[in-house]
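Colleague: The structure's right below; bear with me while I get my questions together.
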Amino acid sequence: MTPGENTDRPVQHVAIIMDGNGRWAQQRGRPRAFGHSQGVEAVREAVRAAGELEIKYLTLFGFSTENWRRPPHEVDALFDLMKRFVDADLEKLHEEGVKIRIAGRREGLDRDLVGIIERAERRTAGNSSRCLTIAFNYGGRDEIVRAARRLAREIAEGQLDPESVDEETFAGFLDTAEIPDPDLVIRTSGEHRTSNFLIWQAAYAELVFLDVLWPDFSARHFASALDQYAARKRRFGGVNAA
Ligand code: IPE
Ligand code: IPE
Ligand code: MG
């Protein structure tokens, strides 16, 4: 998009920081893990709504590299839900033509989970109608460091000329290679921060913060975030046409 253009063109990529599961559960006097399991229903709702809204790329933040600071039983519950979600929904998503990708660090994940992730990616690799990326064990800084390491390795091996490295080359080493930058990043739960999500890719994304806690997120909230996006003017450092 050129500077000065507004947001009339359709949104290609929406990324969501799914936040507020713990508070949702606490409000009901239930353990945090209950909020996470209800959050999976909201994930299904978001994926369905994105399809209806004809959003080609949807990226969901499921577990951050900082979430290891949580109690081990909560981390276990989140891993378990991720496995169960991919197991249960893979075939349906595949039939709908959804390409599944998992962004994030694979090292440190248990072998079962890595197996499930790889199977989902392999199974849906040929799909092209929509792309669902789940950021899991993902941190923006960690992703940039891993990308820099791979890039440095290629330079050291003589496969890449350092002088030829530009933003596009670098982005090709990120977990999101081939995925366009997000137009819109939504965060639920009323927190106003990015928490290390897509810090490279979202440089010029529009940010929409919603007060709803993630388990209550519905197609209505998705549509309201898109309405807020549509009212924005994106300038990309330029000036709006008079
Ligand atoms: C989002 O909900 C899910 C993850 C971060 C994995 P939280 O678990 O962060 O819920 P709150 O923010 O404590 O309410
Ligand atoms: C960000 O939420 C991570 C995910 C949604 C997976 P957090 O709840 O972990 O973020 P902070 O701790 O409030 O910044
Ligand atoms: Mg949170």
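The values are calculated or read from the model by the stated rules, or taken from the named source; none is laboratory data. These numbers come from a predicted model, not from an experiment. Positions of Cβ are backbone-derived with ideal geometry, glycine not excepted, and every protein chain shown enters the neighbour counts.
Colleague: Can you list residue pairs whose Cβ atoms sit under 6 Å apart, with the first residue in the range 40-61 being under 19 Å from Ala230 (Cβ atoms) and the second being assigned to a strand (DSSP E or B)? Count only pairs 6 or more apart in sequence or on different chains.
Modeller: Ala50/Leu58; Ile55/Val14; Lys56/Arg130; Tyr57/His13; Tyr57/Cys131; Leu58/Val14; Leu58/Leu132
Colleague: What strands (runs of 3 or more DSSP E), lying completely within the range 1-105, carry at least 1 residues that are within 16 Å of ligand 3 (Cβ to nearest atom)?
Modeller: The strands (runs of 3 or more DSSP E) meeting that bar are 13-17, 57-64.
Colleague: Sticking with this one: Do we have Ile144 as in a helix (DSSP H, G or I) and surrounded by 12 or more Cβ atoms within 10 Å (Cβ to Cβ) here?
Modeller: Considered against the rule, which asks whether it is in a helix (DSSP H, G or I) and surrounded by 12 or more Cβ atoms within 10 Å (Cβ to Cβ), Ile144 comes out as yes.
Colleague: Give Val212, Val239 a once-over and let me know the one that is assigned to a loop (DSSP other than H, G, I, E, B), among the aliphatic types (A, V, I, L, M) and at pLDDT below 95.
Modeller: Val239
Colleague: Being more than 16 Å from ligand 3 (Cβ to nearest atom) and on the phi > 0 side of the Ramachandran plot is the filter here, so list the residues in the range 148-190 that pass it.
Modeller: Matches in the range 148-190: Gly158, Glu178.
Colleague: Considering the range 113-124 alone, what residues qualify as being surrounded by 11 or more Cβ atoms within 10 Å (Cβ to Cβ) and over 20 Å from Leu198 (Cβ atoms)?
Modeller: Within the range 113-124, Leu113, Val114, Gly115, Ile116, Glu118, Arg119, Ala120, Arg123, Thr124 qualify.
Colleague: How many of the residues in the range 217-240 are surrounded by fewer than 19 Cβ atoms within 10 Å (Cβ to Cβ), in contact (Cβ under 8 Å) with a residue 12 or more places away in the chain, more than 27 Å from Glu168 (Cα to Cα) and not small (Gly, Ala, Ser)?
Modeller: 1
Colleague: Hey, another quick one. Considering each of Gly108, Gly115 in turn, give the residue that is modelled with pLDDT under 95 and either closer than 18 Å to Pro215 by Cα or not in a strand (DSSP E or B) (or both).
Modeller: The unique qualifying residue is Gly108.
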